[in-house]
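Shown next, in structure tokens, is the structure this report addresses.
The values are calculated or read from the model by the stated rules, or taken from the named source; none is laboratory data. What you see is a predicted model, and the numbers here were worked out from it, not measured in a lab. For neighbour counting, all protein chains shown are included, and Cβ atoms are generated from backbone atoms with ideal geometry for every residue, glycine included. When the accessible area is computed, the model is the full protein with side chains, heavy atoms only, and any ligands, DNA or RNA have been set aside. Shrake-Rupley method; radii C 1.70, N 1.55, O 1.52, S 1.80 Å.
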Amino acid sequence: MCGIVGYVGHRNVVDVIFKGLTNLEYRGYDSAGMALLDQNEIKVFKSLGKLINLKNVLSESSAQLTAPTSGIGHIRWATHGSPSLENAHPHTCTCGKLAVVHNGIIENYKELREELIKKGCKFRSQTDTETIAHLVAHEYENAKDLEIAVRNAVKKLQGAYAICVMHQNVPDVIIGARKNAPMLVGVGEGENFIASDTPAIIEYTKKTIYLDDNEIAVVTKNSIKITDIHGAVINKKVETLPWEPVALSKLGYKHFMLKEIHEQPDIIRNILNGKIYDIDSPVVLNEVKIDKDTLKKLNKIQIIACGTSLHAAMVGKYLIEDFAGISVDVEPSSEYIYRKTTTDSSTLVIGVSQSGETADTITAIKQAKEKNSHVLIITNRPDSYMARLADSLIPVNAGIEVSVAATKSYIAQLISFYLLALHLGEIKGTLSGDFLKNIKHELIQLPTKIEEILSNASSIKECARIFSSFKNFIYIARGINLATAYEGALKLKEISYINATGYPAGELKHGPIAMLDETMPVLSILIPGGITYDKILSNSEEAKARNAKLIALTSSDDENLKALFDVVLKIPHVCEILSPAICCVPLQLLAYYIAEFLGKDVDQPRNLAKSVTVE
Ligand code: F6R
């Protein structure tokens with residue numbers, strides 16, 4: 001949600017910042033902007049909408065620029081103030097000599113704004129961010145030192161911020177500060193960077209320093225100084241990023257989403273490799289740092305997450321209860337944080353997050369830590385703030401996910417839950433040897449089965465063509481695939497803007513059946529051999545009797561299904577307990593192809609952002 005890039009160094013400043021913003025654009029695309037220090041003057045360029053518009057503004061304004069030596073840039077996901085040019089970052093102080101970009105929300109901005117207006121500051125936008133520009137400028141007038149001014153200003157801010165500041169009187173110095181929003185320094189040679197996330201700098205350096213809350217980084221091309229809120233210098237560890245710039249390329253696919261869907265078989269292979277050596281040996285999950293005796297006695301788990309990660313958590317609940325007999329609650333982070341929970345030191349709290357940045361989940365995790373719970377984080381970003389809060393960390397290793405709609409990170413979270421649930425079951429001794437062998441064997445087969453789906457996607461594409469004109473969908477399932485129905489419907493909603501709802505099949509008759517007619521297709525997830533098949537079939541019949549068009553997603557070979565369903569999407573045979581890891585793939589493709597047919601912006605759907613850093 002929003003992205004920041006600051007640069008000072010020997011390269012073309014506009015190109016570096018633009019490239020960095022391009023690699024962050026999945027985080028927000030309401031507007032973009034840059035402030036550049038050029039000929040001892042701060043020059044600001046802004047555009048509405050996607051980043052490409054900023055490129056056009058910059059080329060039209062090229063006559064105004066000679067050779068900028070440092071700069072800061074931003075892409076915005078609007079929170080305070082509509083997506084307009086005045087509200088686009090960077091924001092400047094009244095005299096225009098100081099510029100700031102900001103991620104997060106300043107909660108006390110109204111009070112600060114009123115005070116600053118009284119002191120003569122001229123505001124030009126509705127944003128909370130502009131308050132920071134005036135506040136730092138005001139502090140600078142008093143302190144005559146930009147570092148001290150930033151420190152004094154952030155002490156007055158309440159809420160969440162990652163900011164990057166520059167002032168024309170302090171040339172080629174960029175200052176970053178953070179609280180409850182991610183920020184890092186990229187370490188180069190004769191150049192340095194400040195950014196809100198690693199993709200912004202990966203083209204130029206893999207060396208990174210992660211700032212913690214209340215830290216301030218003063219960066220020039222040859223120096224990096226990090227201090228705490230009181231000005232004491234801190235020696236921070238320089239870490240090396242684990243991935244390559246190629247992760248940010250579409251590799252010939254039309255969209256990142258399609259590429260990421262196709263990466264799933266190899267991601268599963270990578271995760272299983274090193275965790276399941278053979279079907280006779282226990283799962284190796286050294287990441288769980290709780291001793292075996294405590295795990296054996298564990299009788300309560302709470303899983304907190306948002307969106308797609310919440311759906312992975314729902315599958316996780318089912319697995320842990322089934323394999324290990326431990327009671328599991330699953331809750332959206334945004335609900336968990338506003339109620340009195342029963343979390344205590346004997347509860348294992350699991351936070352699930354692709355980005356490791358989601359504000360709701362971070363707040364929930366902090367609350368759980370305050371109650372002395374052991375916190376296990378399942379995330380795709382082991383470099384994230386959430387990961388650093390973890391007592392135990394399971395990195396899902398899906399690689400950077402660029403498409404705003406989560407796909408490969410979801411499957412990676414699911415596989416991590418299979419491993420965790422098996423691990424807990426093995427420790428508690430709740431699973432038979434035969435069951436363990438079979439399930440491990442089946443897990444290892446998953447990538448090949450998904451490859452089969454991916455190479456026979458034409459039926460899914462045809463189904464998407466037939467159904468792309470419908471405005472409403474219901475996805476029904478029972479048991480472990482209820483989460484699959486929620487997730488499939490969420491994918492469709494997100495990227496095609498079609499009103500799709502996941503619903504427990506048995507609940508259809510308790511209300512939603514009233515909506516059914518020929519305009520409301522029903523997609524049923526039917527896995528034979530399991531306990532839910534016949535019941536879902538009956539629920540599908542009930543929908544048919546109300547003239548709904550029916551789609552089956554099934555591994556059944558029953559030819560009679562063709563008489564009941566308008567379209568039968570076949571998947572390879574799979575046992576019910578593992579079927580969520582298979583069924584999610586055709587539903588991702590169905591959503592993708594429908595959005596494609598409708599000409600939607602698949603990778604960057606409207607109103608969304610890849611990581612949601614506001615509560
Ligand atoms: C959906 C999607 C979102 C995220 C949600 C939580 O495709 O990506 O629903 O799952 O915003 O984000 P993370 O997993 O980063 O905590």
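Could you tell me which trypsin sites (Lys or Arg not before Pro) in segment 436-483 are loop residues by DSSP with no more than 14 other beta carbons within 10 angstrom of their beta carbon?
Passing sites in segment 436-483 are LYS471.
Taking LYS562 as the anchor, which aspartates and glutamates have their alpha carbon closer than 13 Å to its alpha carbon, excluding any fewer than eight residues away along the same chain?
GLU541
Among the lysines, select those whose C-alpha is under 18 Å from the C-alpha of LYS340, and discard any that sit fewer than 8 residues away in the same chain.
LYS300, LYS366, LYS369, LYS371
Between the helical axis of 482-496 and the dominant principal axis of the chain, each derived from Cα atoms, what acute angle in degrees is found, rounded to the nearest 10?
The answer is roughly 50 degrees.
Where a ≥ b ≥ c are the square roots of the eigenvalues of the C-alpha gyration tensor, would you call segment 252-447 rounded, which needs a/c under 1.5, or, failing that, prolate if a/b is larger than b/c, or oblate?
Oblate, since a/c reaches 1.5 and b/c is not below a/b.
Using the beta-carbon distance between ASN53 and ASN299 and R0 = 56 Å, what value does 1/(1 + (r/R0)^6) give for FRET efficiency, to the nearest 0.05?
0.50
Of all DSSP beta bridges located in the chain, what percent are antiparallel, nearest 5?
60
Roughly how tilted is helix 51-60, in degrees to the nearest 10 and between 0 and 90, from the longest Cα axis of the chain?
30
Using alpha-carbon pairs under 8 Å, 6+ residues apart, how would you state the relative contact order of the chain in percent?
12
Ordered by residue, what ³J(HN,Hα) values in Hz, to whole numbers, does segment 462-479 give under the Karplus form 6.51 cos²θ - 1.76 cosθ + 1.60, where θ = phi - 60° and Gly and Pro are x?
My calculation for segment 462-479 gives 5, 4, 4, 4, 4, 9, 5, 8, 6, 9, 9, 9, 10, 9, 10, 6, 9, x Hz in order.
Spin-label point model (7 Å from Cα, Cβ direction): what's the ARG124 to SER281 distance in nm?
Label-label distance for ARG124 and SER281, simple model: 6.4 nm.
Taking Cα atoms, how many degrees apart are the long axis of helix 533-544 and the longest axis of the chain, rounded to 10 and kept between 0 and 90?
80
What is the ratio of the Cα radius of gyration of segment 151-246 to 2.2 N^0.38 Å, where N is its residue count, to two decimals?
1.05
Could you give the Stokes-Einstein D for segment 215-353 in µm² per second, using the C-alpha Kirkwood radius, 4 °C, 1.567 mPa s?
D = 66 µm²/s.
Which Rg and Dmax, in Å, describe the Cα atoms of segment 239-302?
17.9, 50
Which chymotrypsin sites (Phe, Trp or Tyr not before Pro) in segment 241-326 pass both tests, a DSSP loop state and at most 16 other beta-carbon atoms within 10 Å?
Passing both the DSSP loop test and the Cβ count: TRP243, TYR253, TYR277.
Just the Cα atoms of segment 376-491, one point each, no solvent: what log10 I(q)/I(0) does Debye give at q = 0.12, 0.15 Å⁻¹?
-0.64, -0.96
Give the distance, in whole Å, between the Cα centre of segment 1-62 and the Cα centre of segment 300-343.
Taking the Cα centre of each part, segment 1-62 and segment 300-343 sit 40 Å apart.
Once both labels are modelled 7 Å past Cα along the beta-carbon direction, what's the ILE148-ASN438 spacing in nm?
So the two model labels end up 7.4 nm from each other.
So how do 573-579, 607-613 stack up, highest first, on mean other-Cβ count within 10 Å?
Packing order, densest peptide first, comes out as 607-613, 573-579.
Send over a whole-number figure in Å² for the accessible area per residue of the chain, probe 1.4 Å.
38
Please give every one of the aspartates and glutamates within straight-line cross-link reach of LYS179, meaning a C-alpha to C-alpha distance under 12 Å, and leave out same-chain neighbours fewer than 8 residues apart.
By straight Cα distance, LYS179 reaches ASP212, ASP213, GLU215, ASP228.
Exceeding 31 Å between C-alpha atoms, which entries from my cross-link table qualify? They are LYS50/LYS317; LYS206/LYS275; LYS46/LYS461; LYS46/LYS118; LYS317/LYS493; LYS259/LYS297.
The pairs that break the limit, which is 31 Å between Cα atoms, are LYS50/LYS317; LYS46/LYS461; LYS259/LYS297.
One-quarter of the Cα convex hull surface for segment 3-247, in nm²?
Projected over every direction and averaged, the Cα hull of segment 3-247 covers 11.7 nm².
So, how do all the Cα-to-Cα distances of segment 458-597 break down into 5 Å bins, in percent, from 0 on up?
2, 11, 23, 27, 22, 12, 3, 0
For segment 3-80, what is the relative contact order in percent, using Cα pairs closer than 8 Å and at least 6 residues apart in sequence?
This gives 45 percent for segment 3-80.
What is the distance in Å between the Cα centres of segment 570-588 and segment 377-410?
Centre-to-centre (Cα) distance: 23 Å.
Could you let me know the centre-to-centre spacing of segment 540-558 and segment 123-142, using Cα atoms, in angstrom?
A separation of 59 Å, based on Cα centres.
Explain nothing, just compute: Karplus ³J(HN,Hα) = 6.51 cos²θ - 1.76 cosθ + 1.60, θ = phi - 60°, for every residue of segment 292-301 in order, whole Hz, x for Gly and Pro.
These are the phi-based 3J(HN,Hα) values: 4, 5, 4, 4, 4, 8, 4, 10, 8, 10 Hz.
Of the trypsin sites (Lys or Arg not before Pro) in segment 267-323, which ones lie in a loop per DSSP and count no more than 11 other C-beta atoms within 10 Å?
LYS289
Given an 8 Å cut-off on Cα distances and at least 6 residues of separation, report the relative contact order of segment 458-597 as a percent.
Reported relative contact order: 31 percent.
Just to be sure I understand the curve: with the Debye formula and one point per C-alpha of the chain, what is log10 I(q)/I(0) at q = 0.06, 0.07, 0.09 Å⁻¹?
-0.34, -0.46, -0.75
If I take R0 = 60 Å and measure r between the Cβ atoms of THR240 and SER469 in this structure, what FRET efficiency does the formula 1/(1 + (r/R0)^6) give, to the nearest 0.05?
It comes to 0.75.
Note down the nm distance, to one decimal, between modelled labels 7 Å out along Cα→Cβ at ILE290 and at TYR253.
Roughly 3.5 nm, to one decimal.
At R0 = 25 Å, how high is the FRET efficiency between SER62 and ASN222 if r is their beta carbon distance? Nearest 0.05 is fine.
Between SER62 and ASN222 the formula returns 0.30.
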